[in-house]
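So the structure is just underneath, and the comments pick up after that.
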Amino acid sequence: MLLRTFHLGLLLSGAFVSAWAQALPTLSLTPTTVNFTYQIGSTQLPAAQTVQVKRSGAGAALDFTVTLNPAAPWLIVTPMAGKTGTSISLRVNPTSLIAGTYSTVLQVDASGSAGAVGAAVRFTVKNPPPTMTATPATLAFDWRTDSSTVPVPQTIAVTTNGEPFTVTAAGTGGTWLSISPNVGVVLSGSPFTVTVSVATTGLVPGTYSGKVSLTSLTAANKSINITVTLTVTPGTAVLSSVWPNAAPIGSEDATITIRGSHLFKASVVKANTTDLTATWISTDVMLAVIPKSLLAAQATLQITVNNSPQPASNVVNFSVTPPGPRIDTVVNAASFAVPSATPSIAPGEIVSVFGSGLGPGTAQLASPVGGAFPTTLGSPAAVVEFETLPGSWTAAPLISIHANQINCQAPFGIPATAGLHLRVTYNAITSSSFTFDGVAAEPGVFTVDSSGRGQAAALNYNETTQTYSLNNGSNPVSKGGVLILFLTGAGAINPLPSPEGQLSAASPAPALVGTASVSIGGEAASVLSATAVPGSLGGLVQLNVSVPGTLKAGKELAVVVSVAGRNTPATATVAVK
């Protein structure tokens, strides 16, 4: 019985000890994670933070002590001992620390508690933002318009005085300025290089300003602008032609077209030593006025263009000729394409004859007489004759006459023969013969501004309402719709007009003898009909065309007509929706 009592006492004693251990209060810290951040060089230290120490359950406050594991001399803890229910103050001192992350555990223990607890303390020390530097601070390029090469590209070096950063580069100021690459990384000891290039095509003399903007989100200075200047100076002007290149004695002021290269607004045009009033059109074209005082006597005027400080251009001569007509060139009156060699003229082609002394100083228009355009016009009379057989001349129907331009229709009797001639007689004086080649066709499409370029003089035809409207960017023809084109130089028609210059009948309208084909925007279009225009000269031809249904819409689609293997220049356009 005593032995049983002893064992019962041991059991009761173990239960008491276990209950006592489970009843010990526990410690807790709030918060359990503390973070400090400091940027090297900052004059303001991180603010102090607190950790509150608590015990669980009711009862008297416990005495606690603080230890750091591992040791952290950069961390200031006050107090290092205290009673639960109070707070611990934490401060950091970054002196002598380099950039990096420092950490320790704030461990709190108390006698009579269930055990120690800890709070993680982390101190992040950052380097100051790096400063972005770019050299050089400015870039300057120089270029002369007659230089055979563009300026050599230049570079900008972007560096950092500290941590790496990414940089974005952008060039502004004009299409002449370009940079590469646009994005890079700048490392200490390894600069990021931006290459700056300039494109000089189309630039005229002057100073062009732009900039290269460098941007970094993490650099202290965020952005840097590098000024870029391009100074363009004129090269020596080069002249290829003047038109017209002659005028008869006693002419009024004559406006000439100067063609060449390196022609600018500040260019000075001279006839011998006299400065001429000039109008700049482009770097390839200028207009200049030769005053009548220089046209009072027969002479050869030396036309030059000077771009200071460069020497004067080469000389192109302008002749002041004795009275009488002079032919310079002949072009298709629709396309106005200037021939590179001997002009080609088709039967019935409406042409413009350019020269000097061809007619009166004021333009005179012809009117049909007896259903036909006249072959003589004005008083004194002007006559244009074409050689239809060697030594056989046929007078051309005249549309208008002027001292520098005659519009007329070539006779339908012109054969497809090279080395034919034409001549102009005005005021009883006949010009020298001008050589041309007779061809089956030399087509040109009429345009709204009569230049042979841009919007064609075309009509949209509505088959439902049977109405017509002008084709243009605001009123395009529909895909699959009918488009009407007007051209000249398409060659013979059937029946032929008799006499030359007779207006075409309305029904039936004379049909084009040659086969015409049309492309719009590069796609083949169906030709519905090809006839002379009723009530007009037989050389004016109308093509009714079906617009391809697969054509891509556009406001300036090139239209090209082909007849007898000859194409119109791809300079006329139509609008399609």
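Across segment 497-530, the number of residues qualifying as among the acidic types (Asp, Glu) and part of a strand (DSSP E or B) comes to 1. The strands (runs of 3 or more DSSP E) located wholly in segment 398-481 that include 2 or more residues which are in contact (Cβ under 8 Å) with a residue 40 or more places away in the chain and over 25 Å from THR362 (Cβ atoms) occupy 434-438.
If you go through segment 177-187 one residue at a time, do you hit one that is open to solvent by 60 Å² or more (accessible area, probe 1.4 Å), more than 20 Å from PRO130 (Cβ to Cβ) and at pLDDT below 95? Among the residues of segment 177-187, not one is open to solvent by 60 Å² or more (accessible area, probe 1.4 Å), more than 20 Å from PRO130 (Cβ to Cβ) and at pLDDT below 95, which makes the answer no.
Among the residues of segment 242-260, which ones are polar (S, T, N, Q) and either open to solvent by 40 Å² or more (accessible area, probe 1.4 Å) or not in a strand (DSSP E or B) (or both)? Selection gives ASN245, SER251, THR255.
All conditions but one from (1) within 30 Å of PHE165 (Cβ to Cβ); (2) open to solvent by less than 50 Å² (accessible area, probe 1.4 Å); (3) part of a strand (DSSP E or B) apply to SER42; the one that does not is (3). Being open to solvent by less than 70 Å² (accessible area, probe 1.4 Å), modelled with pLDDT under 95, within 23 Å of ALA60 (Cα to Cα) and touching a Pro at 6+ places or on another chain (Cβ under 8 Å), is that true of even one residue in segment 106-113? Yes, segment 106-113 contains at least one residue that is open to solvent by less than 70 Å² (accessible area, probe 1.4 Å), modelled with pLDDT under 95, within 23 Å of ALA60 (Cα to Cα) and touching a Pro at 6+ places or on another chain (Cβ under 8 Å). Scanning segment 531-542 for residues that are hydrophobic (A, V, I, L, M, F, W, C) and assigned to a loop (DSSP other than H, G, I, E, B) yields VAL533, LEU540. Residue count for segment 148-176 satisfying the condition of being part of a loop (DSSP other than H, G, I, E, B) and open to solvent by 40 Å² or more (accessible area, probe 1.4 Å): 10.
If you go through segment 53-67 and pick out every residue that is in a strand (DSSP E or B) and either touching a residue at least 40 places away in the same chain (Cβ under 8 Å) or over 16 Å from PRO31 (Cα atoms) (or both), you end up with 7. For segment 282-299, give me each residue that is open to solvent by 20 Å² or more (accessible area, probe 1.4 Å), in contact (Cβ under 8 Å) with a residue 12 or more places away in the chain and within 16 Å of THR255 (Cα to Cα). Residues satisfying the conditions are VAL285, LEU287, VAL289, PRO291, LYS292, LEU294, ALA296. A search for C-beta distances below 8 Å between a residue of segment 129-148 that is over 21 Å from VAL238 (Cα atoms) and among the aromatic types (Phe, Trp, Tyr) and any residue that is assigned to a loop (DSSP other than H, G, I, E, B) and open to solvent by less than 50 Å² (accessible area, probe 1.4 Å), counting only pairs 6+ apart in sequence or on different chains, returns PHE141/PRO151.
Of all residues in segment 194-219, which are among the polar types (S, T, N, Q) and either in a loop (DSSP other than H, G, I, E, B) or in contact with an Asp or Glu (Cβ under 7 Å, 6 or more places away or on another chain) (or both)? Correct list: THR200, THR201, SER216, THR218. Does at least one position in segment 483-500 carry a residue that is open to solvent by 20 Å² or more (accessible area, probe 1.4 Å), of a type outside the set (A, V, I, L, M, F, W, C) and within 21 Å of VAL574 (Cβ to Cβ)? So far as segment 483-500 goes, no, none of its residues is open to solvent by 20 Å² or more (accessible area, probe 1.4 Å), of a type outside the set (A, V, I, L, M, F, W, C) and within 21 Å of VAL574 (Cβ to Cβ). Could you tell me whether THR273 is in contact with a Phe, Trp or Tyr (Cβ under 9 Å, 6 or more places away or on another chain) and open to solvent by 60 Å² or more (accessible area, probe 1.4 Å)? Spelling it out, it is not the case that THR273 is in contact with a Phe, Trp or Tyr (Cβ under 9 Å, 6 or more places away or on another chain) and open to solvent by 60 Å² or more (accessible area, probe 1.4 Å). Residues that are loosely packed, with under 12 Cβ neighbours inside 10 Å and either in contact with a Leu (Cβ under 8 Å, 6 or more places away or on another chain) or basic (Lys, Arg) (or both) within segment 75-105 are absent altogether.
For THR201, are the conditions met, namely being over 24 Å from PRO153 (Cα atoms), free of Cβ contacts under 8 Å to residues at least 60 places away in the same chain and not hydrophobic (A, V, I, L, M, F, W, C)? No; evaluated as a whole, the condition is false for this residue. Looking for something crowded, with 18+ Cβ neighbours inside 10 Å, farther than 23 Å from PRO497 by Cβ and of a type in the set (Ser, Thr, Tyr) - is there at least one such residue anywhere in segment 356-366? Yes, there is a match, as at least one residue in segment 356-366 is crowded, with 18+ Cβ neighbours inside 10 Å, farther than 23 Å from PRO497 by Cβ and of a type in the set (Ser, Thr, Tyr).
Yes or no, residue by residue, for (1) charged (D, E, K, R); (2) modelled with pLDDT of 95 or more; (3) in contact with a strand residue (DSSP E or B) (Cβ under 8 Å, 6 or more places away or on another chain):
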| position | (1), (2), (3) |
| --- | --- |
| LEU365 | no, yes, yes |
| PHE373 | no, yes, yes |
| ALA382 | no, yes, yes |
| GLU385 | yes, yes, yes |
| THR388 | no, no, yes |
| ALA395 | no, yes, yes |
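Selection of segment 507-556 for residues being over 29 Å from ALA410 (Cα atoms) and either open to solvent by 30 Å² or more (accessible area, probe 1.4 Å) or charged (D, E, K, R) (or both) yields GLY521, GLY522, GLU523, ALA524, SER546, GLY549, THR550, LYS552, ALA553, LYS555, GLU556.
Kindly evaluate LEU68 against the criterion of being open to solvent by less than 40 Å² (accessible area, probe 1.4 Å), of a type outside the set (Gly, Ala, Ser) and over 21 Å from GLU163 (Cβ atoms). Against the criterion (open to solvent by less than 40 Å² (accessible area, probe 1.4 Å), of a type outside the set (Gly, Ala, Ser) and over 21 Å from GLU163 (Cβ atoms)), LEU68 does not qualify.
The values are calculated or read from the model by the stated rules, or taken from the named source; none is laboratory data. Given the structure is predicted, the values throughout are model-derived calculations rather than measurements. Don't worry about glycine lacking a Cβ; one is built from the backbone with ideal geometry, like all the others, and counts go over all protein chains shown. For accessibility, only protein heavy atoms count, side chains too; no ligands or nucleic acids. Shrake-Rupley method; radii C 1.70, N 1.55, O 1.52, S 1.80 Å.
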